[in-house]
Amino acid sequence: MKWKQLPILAFDTETTGLEPFGGDRVIEFAAVELRLGPDGSVEDRIDHSWLINPERDIPRKVTEITGISASDVADKPRFIDVAEQIHKLLANAVTVAHNYPFDLAFLTREFDDVRRQTGERSMHWPEPLAEVDTVDLSMRTFPDARSHRLADLTERLNVELERAHRATDDAAACGLCFVEMARRKEVEDDLQAMLDWANAIGRPPEDGPIGSDDTGRTVFLQGPHEGKQVSQFPVHLAWMNKARVRGPDGWRWRFSEGVRRWTQRWLEVRGAGRAKQNPKTFHAQDWVLDPCVALSRQPATM
């Protein structure tokens, strides 16, 4: 599969705070769809954006950072009202985000709430064709950089960022940074090659013991956890990555190289995570990023 022929969907969320499972909610979602030409340059761009009523107060500091106030979202749709549209956008695209785990956690929580309220079994994280984190790419592309904030990455790559901390502008800048890094590295137009370069999660090999159920969840297709979501059994994934069997010619891997590569990457990205979980301030320069990506040795100042 050629990734340059697929929609590149860079997305971003603005939220009421930093705790998706502690009561904070999404107040803005934006996805910028990029279509590439044969040479990898952007030929078309489509913006998708929603202000969302979080059904709770928006802290003053969040309004100062994002410019989004309670009055701005009072008459806007709730997440449940736009969930299906957002789900469809994400489902069959190469998705890109800056500090992907942050946005993933909030959207997973929002989709889970929609499923509980509606009973719609397919309303969960849609498992896109690829999940690319430009923070991780920045760390590996610029290992000596002192900061991997989006604003700093755009400056290094000469990518325009007009209004930081608004979802559409951040998403567009993130997507363009991904395209530019891929162009500079001359990444092969093959989806698996791009996933390997980006150290990104894609869908598991079609001929392996992991795949999708009738709702689109990634589950075990065989074994002791058949039908269960892989996210519930990371220890079993670790076993699959190391398991061997003895045959007439000696020991061999129990699962294929493709399956082992997928389980290893899933554990690195989703299981353990890439980010150190340190306290995060409400300083504008830190907002929307896990603090591990702000590597400056100098203390933050207001």
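For first residues located in segment 38-61 and free of Cβ contacts under 8 Å to residues at least 40 places away in the same chain and under 11 Å from ILE27 (Cα atoms), partners that are loosely packed, with under 12 Cβ neighbours inside 10 Å and of a type in the set (Lys, Arg) and lie 6+ apart or on another chain with Cβ distances below 9 Å do not occur.
For LYS228, the conditions (1) at pLDDT 95 or above; (2) under 23 Å from ASP39 (Cα atoms) all hold with the exception of (2). Just to be sure before I move on: is ARG183 surrounded by 16 or more Cβ atoms within 10 Å (Cβ to Cβ) and within 21 Å of the chain's Cα centre (by Cα) in the structure I sent? Taking the combined requirement at face value, the residue does not satisfy it. Every condition in (1) outside any helix (DSSP H, G or I); (2) farther than 14 Å from TRP262 by Cα is met by ARG183 except one, and the failing one is (1). When segment 91-100 is filtered for residues that are touching a helix residue (DSSP H, G or I) at 6+ places or on another chain (Cβ under 8 Å) and either surrounded by fewer than 23 Cβ atoms within 10 Å (Cβ to Cβ) or not hydrophobic (A, V, I, L, M, F, W, C) (or both), the ones remaining, listed by number, are HIS98, ASN99, TYR100. For SER71, the conditions (1) surrounded by fewer than 21 Cβ atoms within 10 Å (Cβ to Cβ); (2) polar (S, T, N, Q); (3) touching a residue at least 12 places away in the same chain (Cβ under 8 Å); (4) more than 21 Å from PRO7 (Cβ to Cβ) all hold with the exception of (3).
Test of understanding: among VAL73, VAL82, VAL96, VAL114, which residue is modelled with pLDDT of 95 or more, among the hydrophobic types (A, V, I, L, M, F, W, C) and in contact with a Cys (Cβ under 9 Å, 6 or more places away or on another chain)? Break it down into steps so the answer makes sense when it comes.
On the way: VAL73 fails: in contact with a Cys (Cβ under 9 Å, 6 or more places away or on another chain); VAL82 fails: in contact with a Cys (Cβ under 9 Å, 6 or more places away or on another chain); VAL114 fails: in contact with a Cys (Cβ under 9 Å, 6 or more places away or on another chain).
One residue alone meets the criteria, VAL96.
Restricting segment 138-155 to residues that are assigned to a loop (DSSP other than H, G, I, E, B) and touching a residue at least 12 places away in the same chain (Cβ under 8 Å) leaves a set whose member that is nearest to ALA173 (Cα to Cα) is ARG149. Among the residues of segment 211-248, those that are buried (at least 16 other Cβ atoms within 10 Å of the Cβ) and either in contact with a strand residue (DSSP E or B) (Cβ under 6 Å, 6 or more places away or on another chain) or assigned to a strand (DSSP E or B) (or both) comprise GLY211, ARG217, THR218, VAL219, PHE220, VAL230. Against the test of being at pLDDT 85 or above, not assigned by TED's automatic domain parsing to the domain that holds ARG163 and not in a helix (DSSP H, G or I), the options PHE255, PHE282 yield a single qualifying residue, PHE255. Any residue at all in segment 115-130 that's buried (at least 18 other Cβ atoms within 10 Å of the Cβ), in a helix (DSSP H, G or I) and in the same structural domain as GLY22 (by TED's automatic domain parsing)? The answer is no, given that none of the residues of segment 115-130 is buried (at least 18 other Cβ atoms within 10 Å of the Cβ), in a helix (DSSP H, G or I) and in the same structural domain as GLY22 (by TED's automatic domain parsing). Sort through VAL135, VAL159 and tell me the only one that's crowded, with 19+ Cβ neighbours inside 10 Å and either aromatic (Phe, Trp, Tyr) or part of a loop (DSSP other than H, G, I, E, B) (or both). Of VAL135, VAL159, the one residue that is crowded, with 19+ Cβ neighbours inside 10 Å and either aromatic (Phe, Trp, Tyr) or part of a loop (DSSP other than H, G, I, E, B) (or both) is VAL159.
Looking for whichever is modelled with pLDDT of 95 or more and assigned to a strand (DSSP E or B) here; the options are ASP44, ASP24. Which one fits? ASP44 is the lone residue from the list that is modelled with pLDDT of 95 or more and assigned to a strand (DSSP E or B). State whether the residues of segment 20-29 include one that is in contact (Cβ under 8 Å) with a residue 60 or more places away in the chain, among the aliphatic types (A, V, I, L, M) and either surrounded by 14 or more Cβ atoms within 10 Å (Cβ to Cβ) or touching a Cys at 6+ places or on another chain (Cβ under 7 Å) (or both). For segment 20-29, residues in contact (Cβ under 8 Å) with a residue 60 or more places away in the chain, among the aliphatic types (A, V, I, L, M) and either surrounded by 14 or more Cβ atoms within 10 Å (Cβ to Cβ) or touching a Cys at 6+ places or on another chain (Cβ under 7 Å) (or both): present. The condition (being over 27 Å from ASP47 (Cβ atoms) and among the β-branched types (Val, Ile, Thr)) is satisfied by just one residue among ILE210, ILE201: ILE210.
The values are calculated or read from the model by the stated rules, or taken from the named source; none is laboratory data. Everything numeric here is computed off the predicted structure, so don't read it as measured data. Glycine gets a Cβ as well: all are built from the backbone with ideal geometry, and neighbour counts include every protein chain shown.
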